[in-house]
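Beneath this line is the structure, given in structure tokens, with notes to follow.
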Amino acid sequence: MASGTAGRARRRVRVVHPAAARTRSAEDWWWDRLAPSGSGYHLLQSDSMLLVLPGPGPARPRAQRRAARRAQRLRSPGSRAAEAKPRTAPAPTPLQEPDPGWGDRVPLEILLQIFGLLVAADGPIPFLGRAARVCRRWNEAASQPALWHTLTLSPPLAGRPAKSGAKAEKKLLSSLEWLMPNRFSQLQRLTLIHWKSQLHSVLKLVSESCPRLSFLKLSDCHGVTPDALIMLAKACPQLHSLDIQHSMVESTAVVSFLEEAGPRMQKLWLTYNSQTTAILGALLGSCCPQLQVLEVSTGLNHNITPLQLPVEALQKGCPQLQVLRLLNLMWLPKPSGRAMTPGPGFPSLEELCLASSTCNFVSNEVLGRLLHGSPHLRLLDLRGCARITPAGLHDLPCQELEQLHLGLYGMSDRLTLAKEGSPLLTQKWCHSLRELDLSGQGFSEKDLEQALAAFSGTPGGSHLALCSLNLRGTRVTPGTVSSVISSCPGLRYLNLESCRCLPRGLKRAYRGPEEVQWPAGVIRARDAPKGRFSGLPTTSSGKPFQLWAQGLFCTERSLARRLKNNSFYPFMQQQPNVFVLEYYLDTLWKGTLLFIVCILLISFGLVSEVQKQETWGFPAYGVGVGLWLMISSLPRRRLVLNHARGVYHFSIQGRTVCQGPMHLVYVRLALNSDAYRRCFFQLVLCGHKLEPLVLVQLSERYEQMEYLGRYIARKLNINYFDCLATSYRHVVRHWPLGTTFSPGIVLRKTGAYGGNPQWDPDV
């Protein structure tokens, strides 16, 4: 019995390799060097970090303790007799609590800083709610009121019947009675959406528990009373911004609020209705001298009543105004009169927006009254203001304008527009303009060419700042577009939709630096001088009358060289996500060669030598076949892969043969074998009703052929199929509509045995 026990011990010893023990001991030595046992620190390793934490280390796992005991038995000398002795039961060890994890040992101050960065980037919801359920330490950190500085409250079941909505508001209100003093005591920005019946109670809770509130937004709310707003203004001394757009608020409540909190108000958003006149009257009465942002817009129901706003009175009542937006309003400024003195202006105004979808009454005279004292204007939005002329804009005192929007959307056909004057705008602000919108304007071709020529350079040689240019519906010419693109390297947006003087392929919007450069390349290629074979159509490589697949040089090395010169070979990228291939069949040169050889045989009299054998018909038959091959191969083939629309188009001499979805076009590796069972591979571009185009002839190098095929399919964004019908090497990028997998794709089982297995396509 003892010998059997010793044998099992020996066998057990052989299982543990000495190298594993040496590796583990070296790791322990390294950890001991970083955090010695008596230093009061320990190391904790996670997925992507190594933490040095104070205090004793966590208990080692059971597997590590077992490996340490085995290594100790290997190091201690012993005999077979000693191994045969029965082992005594180990002394009972006190039970240790499971390791709570490194999250509980991170100091609370560090957690607050980390959470603060995340909240500043994405807001407190839903991150803080999820972090509070991780552990107790995270719950404590997420419950700090300092993190809950921005909040949006909307009762559930919004849009349901009135009874359900009122019940949901009462349920949420009961929760807010505890959350407001315990979590939201340091709230700074509050947004209330879809509150109908309990809005007064919510505002009362906010006034009692949130003294640091500085911004309040009421969107689609009803039942705002003057008492609630006055109570809020008195209880929140830092409240300086109020947004009541798209809410039903009585004008008396807003006027009472402005009278109480007017001296500290900085931002105000209003919706124009019949009661807005009283609110604007309070502003004209200098109740908000520190107001910096004022926005008045129409609601969902368009109000056709014109808004009469005296410009000079507004300048006196709000002298610190920086942003003025009168959006989609029919604004009717009061006439100045002969004896009226000009107002003080807006010395700090940086943004003026008078955009409207309908024709308004803003003219050069009104714009001059608004901006005669605003030298620091940065943004001027006059979309829809058809009465503004370039001469009136040129007289403005601002010299550093960055954004100018003069687009006319849907109204240029009914107006008489100016055809000259655009150079006055660009010559004055070409050094500072970042966005320019001239869509729908009626400037002539020469006028636009002179205007955009101002961006060709600056006197100081500095880089131009133009990033966005909207020329939709204008008469800009291809040469002007090409010069603007080459002169403005920082251009990121270019809109050329509905430009009558441009070819069809260019009339669209371009976004991003790569797309913006494409119109210039197309225009240069269109205007480039053509060679003496200009009458013949060119192929994708740009050489005139190039034949497809001559067969003598279709090797993988030749294909790799061509891909190095053109990564989209055999196609050319005409536009982003649009590839074009123009070619002729290889039977053209084969028929030509056969025709020439047969003509030479007939012309040199070689037929006369075989007249007795009656074989003169073979050269004549070759002439006919060669001529037929030449004539049938002369029509040019054109294949277009349009990923923007998700279709391909194949035509012969301009006549459409077929078109369909992108999953019908693919690159395939074909397999052939000889009599000796040697395998040869071909790389072929195939498709539904397409003539197979051989990219590489027979080759025995499977790995190189597969790499080239995958590379071409990835560049052209089409499918790739291996030589086998069922293979893991297929790459499927486009699937038929309404299907998730194909029978040719091998499916791999990812779920566990039993139950409902999950199948994923392995392509």
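The values are calculated or read from the model by the stated rules, or taken from the named source; none is laboratory data. In this text the structure is predicted, and so the values were computed from the model without any measurement. Note that each Cβ is placed from the backbone with ideal geometry, even for glycine, and that neighbours are counted across all protein chains shown. Protein only, heavy atoms only, side chains kept; ligands, DNA and RNA dropped before computing areas. Shrake-Rupley method; radii C 1.70, N 1.55, O 1.52, S 1.80 Å.
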Specify which of the listed residues (T271, T252, T225) is farther than 23 Å from L326 by Cα and open to solvent by 10 Å² or more (accessible area, probe 1.4 Å).
-> T225
Considering only the range 643-658, state which residues are buried (at least 16 other Cβ atoms within 10 Å of the Cβ) and either without any contact (Cβ under 8 Å) to a residue 24 or more places away in the chain or not in a strand (DSSP E or B) (or both).
-> H643, H649, S651
Those residues of the range 604-629 which are in contact with a Ser or Thr (Cβ under 9 Å, 6 or more places away or on another chain) and at pLDDT below 80, in sequence order = V607, W616
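For A670, are the conditions met, namely being under 25 Å from K564 (Cβ atoms), surrounded by fewer than 20 Cβ atoms within 10 Å (Cβ to Cβ) and assigned by the TED database to the domain that holds F568? Give the derivation first.
On the way: under 25 Å from K564 (Cβ atoms): yes; surrounded by fewer than 20 Cβ atoms within 10 Å (Cβ to Cβ): yes; assigned by the TED database to the domain that holds F568: yes.
For A670, the condition - under 25 Å from K564 (Cβ atoms), surrounded by fewer than 20 Cβ atoms within 10 Å (Cβ to Cβ) and assigned by the TED database to the domain that holds F568 - is met.
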Which one of these does H376 not meet: (1) under 19 Å from L469 (Cα atoms); (2) at pLDDT 90 or above; (3) open to solvent by 10 Å² or more (accessible area, probe 1.4 Å)?
-> (1)
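Look through the range 167-190, keep the residues that are of a type outside the set (A, V, I, L, M) and in contact with a helix residue (DSSP H, G or I) (Cβ under 7 Å, 6 or more places away or on another chain), and return whichever of them is surrounded by the fewest Cβ atoms within 10 Å (Cβ to Cβ).
Going through the range 167-190, the residues of a type outside the set (A, V, I, L, M) turn out to be 167, 169-171, 174-175, 177-178, 181-186, 188-189.
Now drop any that are not in contact with a helix residue (DSSP H, G or I) (Cβ under 7 Å, 6 or more places away or on another chain), which leaves 177, 181, 183-186.
Values: E177: 12, P181: 14, R183: 20, F184: 22, S185: 15, Q186: 16.
If we take residues in the range 167-190 being of a type outside the set (A, V, I, L, M) and in contact with a helix residue (DSSP H, G or I) (Cβ under 7 Å, 6 or more places away or on another chain), then E177 is surrounded by the fewest Cβ atoms within 10 Å (Cβ to Cβ).
With the requirement that a residue be modelled with pLDDT of 85 or more and open to solvent by less than 60 Å² (accessible area, probe 1.4 Å), what does the range 345-361 give you?
Step one: list which residues in the range 345-361 are modelled with pLDDT of 85 or more, which gives 345-355.
G345, F346, S348, L349, E351, L352, C353, L354, A355 - these are the residues of the range 345-361 that are modelled with pLDDT of 85 or more and open to solvent by less than 60 Å² (accessible area, probe 1.4 Å).
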Total residues in the range 709-726, condition more than 20 Å from N577 (Cα to Cα) and either surrounded by 16 or more Cβ atoms within 10 Å (Cβ to Cβ) or within 31 Å of the chain's Cα centre (by Cα) (or both) = 3
Find the residue count for the range 191-211, including only residues that are open to solvent by 50 Å² or more (accessible area, probe 1.4 Å) and in a helix (DSSP H, G or I).
-> 3
Taking interchain pairs and intrachain pairs at least six residues apart, which have beta carbon atoms under 6 angstrom, with the first residue in the range 212-223 and outside any loop (DSSP other than H, G, I, E, B) and the second buried (at least 20 other Cβ atoms within 10 Å of the Cβ)?
-> L216/L190; L216/L242; L218/L192; L218/I244; L218/S247
How many residues does the range 466-503 contain that are in a strand (DSSP E or B) and either over 20 Å from C430 (Cβ atoms) or among the hydroxyl-bearing types (S, T, Y) (or both)?
-> 2
